[in-house]
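Reading through the structure tokens given below for one structure.
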Amino acid sequence: MDNLSNLEQAVNLFYKSQSTDQAQLNDFLINQQRDPAAWSWLWSFLDFNKSVEVQFFGAVTLHQKLSKNWQEVPQSMHNELKEKILQKIVEFGGAGTKLVLNRLCMSLSAFIVHMLKEWPSALNDVINMFQNQQLPNLSQHTQLWILFDVLSGVPDESCCIFTSIQRVQLKNEVYKNATIVLKTMENFINIKCEKHQLEDEDITSLQNVAKCATTWFKNGSIPLDECMDNLNEDIAFGIYSLFITSIECHSRTILAGICADSPEHHEIYIRVVNEILLCTDKPGIYPVEESCSTLAMGFWFMLQDEILSYDNATEREQCIKAIEPVYAHLVKILVRKSKLPDECNVGKWNSDDLETFRCYRQDIADTLLCCFDVLHVQILKLLSETLDEGIQAIQANHNNWPILEASIHGFCAISQQIESVEYPEIVKLMRVLNEIPYETLNEKLLGTALETMGAYSEWVNDIPKYLPSAIELLVKGLDSPMSSQATLGLKDLTGDCHPQEMIPYAEPLLDACQQSLLKGHLAHPESIRLMYSIGNVLSMISAEKIPNYLDNIISPCFKELQMFAEHQNSSDGARLRIMFCLNMISTLFSSLNVNKTKRLQPMNVENQPQPILLILQKTMPIFKQICDLYINDVVVIENLCKALQQALNNLMDDIKPILNDLCLLILSIFHNRCVPPAIDIAGSCILMFFGDEVYKEPMKQLLLQIIIYNFNVFEQTPPNKFSDISDLMESFYALNSRIVKKIPAAYTQENMDFIKLMEYALKGITLPETGVIKKSASFIATFIKESRNHVNMTNTILMKGEEIVRTVLLCIAGITPRVNVDVFGDVFIALNAKYPSEFLVWMKILETQSFPTSYTQHEEKITFMKNIIKEKVNKRLVNDHIKRFSARCRGLIETSDM
């Protein structure tokens, strides 16, 4: 008894002593555990009257004895030992600590592994005991926790217990029970999946199942390829989810096995990778026949990222070499899994299935890009092999077109990584794309071919001898059901091309585009997109030929607009056609610019006016008529302004001959309905031409009219309705910010009301919309910075400074969403830099009781004020002070945290 008392004291002292004392006690306690007499006293340590430290030592001793000294237990005592372990599990499951209970569960796991030959139904009996709630003293949740803790320990114990049985034989005995364990996890997951809402205890139990699955998968006790076929798809999805999640949680440890010296560690890595390859290559078509393969995509990114992030270059290269065969195999799997459904099967798919598969194909494309980072040009050889397989497949049977389409899709996926090198595989791809008999095959194959040609437009333009075949294929696509992909491809090709290489093919291409427009089979978005290509190609041909093409291509749009305007036709049908025509014109204006190819033009035409200018000189009256007819239709006016903005962006100074007409049109819009695009185009004109003495006065008047009109709108808006015009306020103050920053001289006009300008900016920062908050705050800060150079602006700040500070503080304290309060840092820094003495006075408003909120103490406000005044240039620190003060004002942090 005295010896046990001394042992207890030693245990308590061990867990509470310093490291130097622990070392001596540790040796003593280990010797006590090794003593066969430990079997007799350890049970007394597992008593509720003992300290937790003593209980834990008793449980650890039990586990150690079972793991390392099993030979000390006579066979006649096996059943009694089992009963004692179960009794203690029940006792500690009801009122003990989890720490001790966990060790007892580990002990039962070790006992089960030892007894598998003598007690073949051990796992099944234990599962029935806990799963069927045969222990009434324990809650259902506790019994499940114990069950999965015990099951989790079995594979681990089979790897480490001391036994006379060969390790391989022992693991085979464990493996025989894998089906039972798997079925238990399956049933549990299935039950939880059927619940409409999971409780906290359910989440905990599912986490225990994940842990259990991890140990069985990790030790190879459950081979996924053998068990998945026996499960329904939902359960297979759950198991794979648990497995992959578990792997991701221990990725660094598992992936270290790639080049590990330990054969066991390397074997774990091999098993993990093979299982996830099997998941990626799960039989069936996603998502109608299987749903698991998408789960594996993230793993391949993680594996690549982990390896490429290694600091040691030698280790990194060694690991890359090791995983190259895996990624090479993966490429073939991904191409195969990306096959589209054929004509026989696609009719069985609903719209949700098709959309899910579209997203799945995009995931595959992204994963192929990931494979490229590992394999580099080696991936081209792999894809070329799949291309050969696809060609052979359609030669055998045209219904096999999905095989070829999937291969081309694979090439398309990696296009952005391909350098401008004449790789044999890409050359073969270009040849195959033009030789495929699309007329006899499914149209989707042509669609993917067109998309791929567009994706390789940069490569084609850098190696221009392939330009004729690319143009030929894309033009062929214009007259097909896949015209959308053709117009996208032409947009990429003409946008990336070198003009001198495109010129020989420009006119035939324009003729083909013109014919496609005339046939009328293109959808509106396709026609609009095609205009971008037309504008690019028109910019390359000789100037004297451009008018003729414009007459044939764009003149019909203006004639249609004029017809609607003259007949005052504002019907819904007319409105749709007007919108279409304006978008066609806008897109052409965005790309037609002969200046970018001027050096290729003959010398005698260099000074000819831009084609867009010639168009506008003839058509400004039509724009004015449409504007008058649809002045109350915001969408039409916005599209009209967008077309004019594109013309201005392209023409720049060349627009001067019609600048007055353009300004008059903008003013006519302001006088009736001001829309944000009208403000944008007006701002562009002012910024571009205010410095030109010829146009300075008109630009001043344009700015003044913009301000006057917006003031009228603001004055007519009820105080609680400003959010309805937040987009207008955002554009207005975005314009003013740009002007006050770049040409502050524009604000020297005596009849400009700076007080109102500032008051409405302060109104803008109090709105909930992010855009208007940022633009208004930016204007205030910029105005303050520039104000010292202009008397009127200086007087405005001196008059409104206190109101600016008060409003900003209220916004920080609660009016403005917390995510946006950092925009006010610039305002404080500007005031501190330009008006330091006044700013100090204005900040003393914080001394007002309960301002800005009642959550802040006087000392906190003074500290904040001092911090802001101290930081004159460090925007990051100012924003940090603002964010903390904002949180305190809202009662989100305690005073002690300030």
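The values are calculated or read from the model by the stated rules, or taken from the named source; none is laboratory data. Everything quoted here is computed from the prediction, not taken from an experiment. Please note: Cβ atoms are built from the backbone with ideal geometry, for glycine as well, and neighbour counts cover all protein chains shown.
A few notes on this one:
- Yes/no for Phe783 being buried (at least 20 other Cβ atoms within 10 Å of the Cβ), without any contact (Cβ under 8 Å) to a residue 40 or more places away in the chain and part of a helix (DSSP H, G or I): no
- Any chance Glu860 is modelled with pLDDT under 95, touching a helix residue (DSSP H, G or I) at 6+ places or on another chain (Cβ under 9 Å), among the charged types (D, E, K, R) and surrounded by 12 or more Cβ atoms within 10 Å (Cβ to Cβ): yes
- Options Lys741, Lys700, Lys774; residue that is in contact with a Lys or Arg (Cβ under 9 Å, 6 or more places away or on another chain) and assigned to a helix (DSSP H, G or I): Lys741
- Residue match in segment 393-400 (condition: within 22 Å of Pro283 (Cα to Cα) and surrounded by fewer than 16 Cβ atoms within 10 Å (Cβ to Cβ)): yes
- Residue in segment 100-110 that is over 47 Å from the mean Cα position of the chain (by Cα) and aliphatic (A, V, I, L, M) present: no
Residue-by-condition table, conditions (1) surrounded by 19 or more Cβ atoms within 10 Å (Cβ to Cβ); (2) in contact with a Ser or Thr (Cβ under 7 Å, 6 or more places away or on another chain); (3) free of Cβ contacts under 8 Å to residues at least 12 places away in the same chain:
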position	(1), (2), (3)
Thr717	no, no, yes
Ser723	no, no, no
Asp727	no, no, no
Glu730	yes, no, no
Lys742	no, no, no
Tyr760	yes, no, no
Val772	yes, yes, no
Ser787	yes, yes, no
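- Only residues that are in contact with a His (Cβ under 8 Å, 6 or more places away or on another chain) and either assigned to a helix (DSSP H, G or I) or not assigned by TED's automatic domain parsing to the domain that holds Lys428 (or both) were counted in segment 463-481, giving 1.
- Qualifying residue in segment 302-313 (condition: of a type outside the set (A, V, I, L, M), in contact (Cβ under 8 Å) with a residue 12 or more places away in the chain and over 23 Å from Asp353 (Cα atoms)): yes
- Selected residue (criterion: nearest to Gln857 (Cα to Cα)) from residues of segment 867-886 that are hydrophobic (A, V, I, L, M, F, W, C) and assigned to a helix (DSSP H, G or I): Phe885
- Hey, Val878 more than 30 Å from Met752 (Cα to Cα), surrounded by 19 or more Cβ atoms within 10 Å (Cβ to Cβ) and not aromatic (Phe, Trp, Tyr) or not: yes
- Search result, residues across segment 124-162 that are in a helix (DSSP H, G or I) and of a type in the set (Phe, Trp, Tyr): Phe130, Trp145, Phe148
- Evaluation of Asp692 against (1) in a helix (DSSP H, G or I); (2) more than 39 Å from the chain's Cα centre (by Cα) (one fails), failing number: (1)
- Test: residue in segment 70-81 that is over 20 Å from Leu25 (Cβ atoms), among the polar types (S, T, N, Q), surrounded by 16 or more Cβ atoms within 10 Å (Cβ to Cβ) and in contact with an Asp or Glu (Cβ under 9 Å, 6 or more places away or on another chain): no
- Cβ-Cβ under 7 Å pairs, at least 6 apart or on other chains, segment 5-18 side among the charged types (D, E, K, R), far side buried (at least 16 other Cβ atoms within 10 Å of the Cβ): Glu8/Val54
- Screening Asp47 on (1) of a type in the set (Asp, Glu); (2) assigned to a loop (DSSP other than H, G, I, E, B); (3) within 21 Å of Phe162 (Cβ to Cβ) shows it passes everything except condition (3).
- Within segment 302-332, the residues that satisfy the criterion of being crowded, with 18+ Cβ neighbours inside 10 Å and among the β-branched types (Val, Ile, Thr) are Ile307, Ile320, Ile323, Val326, Val331.
- Members of segment 14-23 that are at pLDDT 75 or above and surrounded by fewer than 14 Cβ atoms within 10 Å (Cβ to Cβ): Lys16
- Filter result for Glu786 (of a type in the set (Asp, Glu) and at pLDDT 95 or above): no
- Hey, Ile812 in contact (Cβ under 8 Å) with a residue 60 or more places away in the chain and surrounded by 21 or more Cβ atoms within 10 Å (Cβ to Cβ) or not: yes
- Unique match (being at pLDDT below 90, among the aliphatic types (A, V, I, L, M) and either out of contact with any strand residue (DSSP E or B) (no Cβ under 6 Å at 6 or more places or on another chain) or closer than 30 Å to Ser591 by Cβ (or both)) among Ala682, Ala647, Ala734, Ala678: Ala678
- Scanning segment 66-120 for residues that are in contact (Cβ under 8 Å) with a residue 60 or more places away in the chain, within 15 Å of Val150 (Cβ to Cβ) and in a loop (DSSP other than H, G, I, E, B) turns up just one, Leu116.
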